[in-house]
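See structure below.
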Amino acid sequence: MLRWPGLLLGIAALLSLLLHLGSIFNEQIYAWLTQQPYTESELKKVTQKLSDIAQADDARPAGLKGVKPADHQVVYLHHGPVLHKKTAEKPVVLAAKKSPVRMVASSPAAAERIASSVAVAASEVVKEVPQASAASSVKPVVVIASAVVEEELPPLKESPLVAEQTYPAAVEITYAYGIFPIRMSWKAENGHYSLKLRGALFSKSRTFISDGEVGQKGVIPHRFADYRDEKLINEALFNWDDMQVTIKDGGSSKVEALKAGDQDIFSAAFQLALQGSRMKDFTFTVASGRKIYKDVPFEISGQASLRLGDRQIEAILLRGRFEDRTFDFWLAPQWHNMPVRMTLSLGSEGSFDIWANDIKINGEMVLEPPSNSHNSNSNRMMRR
């Protein structure tokens, strides 16, 4: 008699667990259920070009490279000094006296625009003042700002030209791997970058880390590491002084030669994003924590319209081949050549195909995840 209540409790617990998992992975499950097969026949002739992008630090004047701008700047404009006259003549004043003008700039660019605007306004006023003769005893004109600004000025958006010339300093992408989310973060500051991809389910996790330098020559990795459940399982150490890379896999270690432009398996996508429009040769070595893939030739294989998140996006496919291994990086020119899809087929090292589900660039959400109201969503897993 006691078996039935126990069985019912077990079923209820299982249903509760399934509902809980459904609430966590609802977006990924919906995308997976509504996926449409993707075929190579959908590739079309490339009509777009990779954006010509420079690293943000290289766009600064030489004296400001490597200097971190202030997060908050305040500009005060005070009354000019009142010049006392020995004669009865009064100095010419072009504005009523006001309390000190206080302008709050929410960014360095805003502060520069404020100072520039005030300088231009002052110069225009001075032009309207009749020039005194050399013999005149009238004292110099005092120009005083007449408006009182107390509000905080919102930052103006960069022009499209400036936005295209600099690569984002911070990017967050959630990729979909089947029904599982993979979080990617890219950060670049003062000539250094850090790249991290992490997927986790309950107590199990897999993390890839790449860090190094970034500048005029693009991405220069120093270290690539592969962690399973927070434990290091393999890594690649790049020694650019000796032009060698050391592969450490478990207890084994081997050293291979390096040449300028070589990458790890994930920094390669960002090297193509930064340098793709200027690279004459798409061939470079790709390293993982287990193996070196020598002189992988990449080529632009085509363009396709991909359903990503809640939008249809045009992406350019750059494909690299090494024997029976393939490296596919889909770059979106409208988002600084961001890798919106990555497909790696590495034989014994494993294979995976991840698609961008949401993207945040410099704090701005440019791609939202799909909603369940869509009738058709992404064509998730490639079928070869």
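Laid out as a table, the results:
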| item | result |
| --- | --- |
| Hits in the stretch 211-234 - residues which are in a loop (DSSP other than H, G, I, E, B) and either of a type outside the set (S, T, N, Q) or modelled with pLDDT of 95 or more (or both) | Lys217, Asp229, Glu230 |
| Complete set of residues in the stretch 243-257 that are under 28 Å from Lys280 (Cβ atoms) and crowded, with 20+ Cβ neighbours inside 10 Å | Val245 |
| Filter pass, Arg278 being assigned to a loop (DSSP other than H, G, I, E, B), surrounded by fewer than 17 Cβ atoms within 10 Å (Cβ to Cβ) and either in contact (Cβ under 8 Å) with a residue 40 or more places away in the chain or under 19 Å from the mean Cα position of the chain (by Cα) (or both) | yes |
| Cβ pairs under 8 Å, 6+ apart, first in the stretch 301-327 and more than 15 Å from Val366 (Cβ to Cβ), second assigned to a strand (DSSP E or B) and of a type in the set (Lys, Arg) | Ser301/Arg319; Gly302/Lys44; Gln303/Lys44; Ala304/Lys44; Phe322/Lys294; Thr326/Arg319; Phe327/Arg319; Phe327/Arg321 |
| Condition check for Phe284: in contact with a helix residue (DSSP H, G or I) (Cβ under 7 Å, 6 or more places away or on another chain), modelled with pLDDT of 95 or more, part of a strand (DSSP E or B) and closer than 23 Å to Phe208 by Cβ | no |
| The stretch 223-243 residues that are under 10 Å from Ser210 (Cα atoms), paired with ones that are assigned to a loop (DSSP other than H, G, I, E, B) and of a type in the set (Gly, Ala, Ser) (beta carbon under 9 Å, 6 or more apart) | Phe224/Ser288; Phe224/Gly289; Ala225/Gly289; Asp226/Ser288; Asp226/Gly289; Glu235/Gly289; Ala236/Ser288; Ala236/Gly289 |
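The values are calculated or read from the model by the stated rules, or taken from the named source; none is laboratory data. Note that this is a predicted model, so its numbers are computed, not measured. Glycine also receives a Cβ, built like all others from the backbone with ideal geometry; neighbour counts cover every protein chain displayed.
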